[in-house]
Amino acid sequence: MSISRNSLLFIDFEGLIKEDPSLVGVCSDDQFRLVILDPRLEGVLQSPLAHEIPISFLSITDFLEQTVKLVRTEHKVIVAFSEREQLVFQSKGWNVSDYYWNAHKSLKQWFNQHDRINRPKPFTLNSILRYFSYPLHTDYGEKQATQRIVHVRNMLEARQQTYSQLTNVAKSKCTKLLRYNQKDVKGLVFALEQTGLISSDIET
C-alpha cells in the first residue's frame, strides 16, 4: 500500500562535511522551495531563480524547529534519501525518528524485489533517476555541491552579499547548486511515485 504524498515533507540538505548544512530544499504539497541556512550565502536570495523558486533565509536552528512543529502539527513524515538529514536534526537535539523515512532503504528493497538484476549501481539517486528516465534529469555533476558552495560563499563575502557583483562563473555555480538540489528533491518524489511507494494524489 502506497503512502499519500500529501502526508510527506521531502527535504535535502547541501553543505560541507563537519559543518552545519548551508541550504536545504523542501517539497511539501507539491510545492518546492529553498531555504538558505548559512548567513554567508544570504546574497543567494537575490538570484534570478528567486523569481521562479521561493528562496528564503532561516538559521539552521529556526529551520529545524519550524520543521518539527510543522510535521507534528500536520501529522507529516519527513522524507530524505539518506540518514544524513535525520542526523542533522539529532545533532541539534531533535529526535525525529518516529516521523522520518529514509527512502534509500525502501527504494533498495523495491529493486531487490522487482528488478534485482538491473538495480542501479552505484545505488545513488542519480542512477535511480536515470533508470526511470526522469524527464527533468540534468547532470549537474556528482559531488560538486561542496566546491560550489565554497566558491559562491567566498565570492559573496568578498562582494558584501551583493549577488549582481558576482562573476559569471560564480553565478553559474550558484545556479547549478540550486538546480542540483531541486533535482534531488523533486527527483526523489518522482522515484517514489514510479515505484508505487507513494501515491501522486494531492488533496486540494
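Data overview
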{"item": "Residue 91 being of a type outside the set (Val, Ile, Thr) and open to solvent by 30 Å² or more (accessible area, probe 1.4 Å)", "result": "yes"}
{"item": "Members of region 8-37 that are under 11 Å from the mean Cα position of the chain (by Cα) and within 17 Å of residue 190 (Cβ to Cβ)", "result": "9, 10, 11, 12, 25, 26, 27, 32"}
{"item": "Residue check, residue 81 crowded, with 20+ Cβ neighbours inside 10 Å and within 15 Å of the chain's Cα centre (by Cα)", "result": "yes"}
{"item": "Single match in 72, 40, 5 (criterion: modelled with pLDDT under 95 and either crowded, with 16+ Cβ neighbours inside 10 Å or farther than 22 Å from residue 190 by Cβ (or both))", "result": "5"}
{"item": "Count of residues meeting criterion [outside any strand (DSSP E or B) and touching a Pro at 6+ places or on another chain (Cβ under 7 Å)] in region 1-23", "result": "1"}
{"item": "Output for region 146-204, where each listed residue is open to solvent by less than 70 Å² (accessible area, probe 1.4 Å), closer than 17 Å to residue 52 by Cα and touching a Cys at 6+ places or on another chain (Cβ under 7 Å)", "result": "185"}
{"item": "Any chance residue 26 is part of a strand (DSSP E or B), buried (at least 17 other Cβ atoms within 10 Å of the Cβ) and without any contact (Cβ under 8 Å) to a residue 40 or more places away in the chain", "result": "no"}
{"item": "Filter result (farther than 25 Å from residue 29 by Cα and part of a loop (DSSP other than H, G, I, E, B)) within region 76-118", "result": "92, 93, 115, 116, 117, 118"}
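The values are calculated or read from the model by the stated rules, or taken from the named source; none is laboratory data. None of the values given here were measured: they were computed from a predicted structure. So basically every Cβ, Gly included, is an ideal-geometry build from the backbone, and we count neighbours across all protein chains shown. Note: accessible area is taken over every heavy atom of the protein model, side chains too, but ligands, DNA and RNA are not part of it. Shrake-Rupley method; radii C 1.70, N 1.55, O 1.52, S 1.80 Å.
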